[in-house]
Amino acid sequence: MHKAIVLVVSCLFAAAASAQQYKWVDQDGKVRYGDTPPPGAKAQRLKPPPAPIGTPPPAAAAKKGDKPPANPEERKRQEDAQKAQQKQAEEQASAKRENCARAQESLRALESGQRVARVDSKGERYYLEDAQIAQEAVRARQMVQQNCG
């Protein structure tokens, strides 16, 4: 149960981190943030969050030609570190597969020809115009390319 919660939370963070974020000022002069700025707004792209601290670069990993340490405690630490790296790589691959599926579903919905609705900050539903749908389809294709390629 605990592992499932951790997996879901990590997937949500991965999905959020993979989305491009924007900053803009709305008609009321308020600064807004989101992954899709309204059409016509002068939106500023924000930098993605930095990589997590504490994950060693791949070059720092032990090479196959290295001799295993003679100390059993050190060997156990290295094995645990390697298992943790494998688990992290599996979780990242799983998150990427899920992001790919979401991006493909979003693209299918945008290209279906049906009306696409969104909810504004007041909680009111509005329908996207063709130009807005085309912009979102471009972003969805980029997400498919990033996560499915």
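Bear in mind these aren't lab numbers, they're just calculated from the coordinates by the rules spelled out. The structure displayed is predicted, hence computed values, not measured ones. We place every Cβ from the backbone using ideal geometry, glycine too, and count neighbours over all the protein chains shown.
Each of Cys100, Cys148 was scored by other Cβ atoms within 10 Å of its Cβ. Arranged with the fewest first, they read Cys148, Cys100.
List the GluC sites (Glu not before Pro) within region 64-149 that DSSP assigns to loop and that have no more than 14 neighbouring Cβ atoms inside 10 Å.
Sparse-neighbourhood loop GluC sites (Glu not before Pro): Glu124, Glu129.
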